[in-house]
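What follows is a set of notes on a single structure, which appears directly below.
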Amino acid sequence: MLEELEVRNLGPIRSAVLAPGKGMTAITGETGAGKSMLLSAIRLISGATAGVGRVASGADAAWAQGIFDVDASGKAAGLARDAGVLDEDGDAAGTDSDESGRQELFLSRTVPASGRSRAVLCGHSVPRNVLGNVAGELVTIHGQADQLRLASPARQREFLDMAADDQAEREAYRAAWEKLQAMDERLHNLTNQEASARQRADYLRESIEQINKVDPKPGEDDELKEKRSRVENAAEIAQGVGSALSALDTAQVDADSDGLGASEAINHAIAALRAIHVGGSFEQAADRLESLNADLSDIIFTLSNEVDTDEDAEGLDAINSRIHELDELTRRWGPTLEDVIAWRDKAAFEVEDLDASPEKVEELKAQRQQAFDDAMKAADALSKKRKLAAKALAGTVTKELSALAMAGAGLEIRVVRRDASSTNQQNTVHDDESGSSASTWPLDVNGIDDIEFLFTPFPGSPQLPMGKSASGGELSRLMLALELAVAEKRTSGSSDMTFIFDEVDAGVGGKAAVELGKRIARLSRTSQVIVVTHLAQVASWADTQFVVSKGSTQGSGSKAPIETTVNEVTGDARVHEIARMLSGSESATSLSHAQELLASSKL
């Protein structure tokens, strides 16, 4: 939510600070007082185009800053981290995070009287579009200049998908679509091979054949090199092992020897110690000698096997030849035999993709058709979910419009399934003049549907696309109705969103104005809402109210420049402002009416 908006030298506003509440905040004031400048400030920090004409007369630059309290794990904070202005702990210049998982983001914009504007995110200069992307997750402005955003089919599709809560269906379709795209790419590469691709295939086949001919095994080269070393040093090994066995156990090398080996000597020592019946340290020493003798026996057994090993000195040439073959493989495709084997296996898959034989092409076409059928099935499931949501959403919005003084107005949401059977395009793989293939019609990355929002602003009016069919006030009320219809779903996905409504009360009065204020207040129960209004019946529902007023600079004479101030009104001051909005005066009657209106404007 927006915690604070600070503005300096923007139009008639020299300096102002706005601290909206958590619920509904109303901005009021006489026509021409400068309320639009506050919206201009929010648009600036949202990445809008900056005009030097907005800089206050005599000032070097205009400046606006918004401080937002956001979920540290949310999308806005994630975009800030992606931009490099926050680390993984959420710390950066001009920011602060707490243990509750919340994060403050500072979005500011400087517009000089001459030159280019500067966008700053959390104390770091960033491109304007980065500021806009972050603000897009935090602020939604519904004013005459902002309604065209939902006029695009892409925005309408996104809005409907949010209302449909169809994330699971969209993810399933996206996975099927990506698989289909991958199959199309494989087919394209296969059927459009150039000479270089064929040369690559020949090289891979020859390399695989060479590796398979040698048939290397993992670790085989190390084993052979160890064996070669044993063969080359067989005499030295035999002499050393024999001498060691003679010292440890003479019976291993001479069965007739009467010499006492080390193992037998230790056994005598153990027997002597066991014969001492005192125990204590003597028993402990005997135990240690037994453990030592067990290790010694194991060593003697191992060495005796080495004596029996018959190393084939005549096979040394074969060993060297095999090592040479393996070294050639590792030199070309290594550095290890494991790398050689992995390269061969990967190359085998690549050869399959480069194999343009008719059988291979037909096999891939069949796989591609299956991928297309799977994508169509996923697209149909997504389309069904969208159609159900479109009917429900349009009905809810139409009811809301009636309560917002737009009886007879209505919204229709068309979800039109693209059907290849009504066109000349086909769903199967085909070759075109360029040799490419694989049509994905009627699918695209977003599914199989064309989505259109059609608005009827008054009875008898034709259905026209949004953004081209109504006044700014009517569109603002339509957007309010849309936001009310999806408020619960939107806030469940992003509780940080701030909604701003301008001109939503145009052409509204009486009981309809009360209903309008009530519905804005209802939306503010789940989201922060800021509304710029001329109607007391709307402002009275607000939790917080600011008044924008203008006046001459003190002590500057009759030609003093006009400056705008922004002040929060509470208590009696708010009663007086509501009275002014009701009747243009602050008479006892209007003040009484204002008090009554404020008392009754409660959900």
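Summary of values
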item	result
The range 590-603 - phi-based ³J(HN,Hα) in whole Hz, Karplus 6.51/-1.76/1.60, Gly and Pro as x	5, 5, 5, 5, 5, 5, 5, 5, 5, 5, 8, 8, 9, 6
At 1.306 mPa s and 10 °C, Stokes diffusion of the range 189-236 via Kirkwood alpha-carbon radius, µm² per second	113 µm²/s
Where labels lie 7 Å past Cα in the beta-carbon direction, separation of E226 and A588 in nm	11.0 nm
Amide H contacts of I13 (H built 1.01 Å from N, under 5 Å, at least 5 apart or other chain)	T564
Sorted peptide list for 173-184, 5-16, criterion being average Cβ within 10 angstrom, highest first	5-16, 173-184
Net +/- balance of residues flanking S263 in space, Cβ distance below 11 Å, scoring K and R +1, D and E -1	-4
Rounded FRET efficiency, nearest 0.05, which uses the C-beta distance separating Q210 from L454 and R0 of 56 Å	0.25
Contour minus Cα-Cα distance for S73 and N233 (0.36 nm per residue)	51.0 nm
Estimated FRET transfer efficiency (A247, T330; beta-carbon r; R0 45 Å; 0.05)	0.60
Volume per residue that the Cα convex hull of the range 100-214 spans, once the total is divided by residue count, Å³	350 Å³
Gain upon complete extension [R174, L603; 0.36 nm per residue less C-alpha separation]	150.2 nm
Extension gain (nm, one decimal) between Q367 and A318, 0.36 nm per residue minus Cα-Cα	12.9 nm
Within straight-line cross-link reach of K225, lysines at Cα separation under 21 Å, skipping those fewer than 8 residues along the same chain	K213, K217
Cβ-based net charge around E178, under 12 Å, with every Lys or Arg adding one and every Asp or Glu removing one	-2
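Each reported figure results from applying straightforward, stated rules to the coordinates on display, with no laboratory input. Here the structure is a predicted model, which means the values were calculated and not measured. Every residue, glycine as well, gets a Cβ built from its backbone with ideal geometry; the counts of neighbours run over all protein chains shown.
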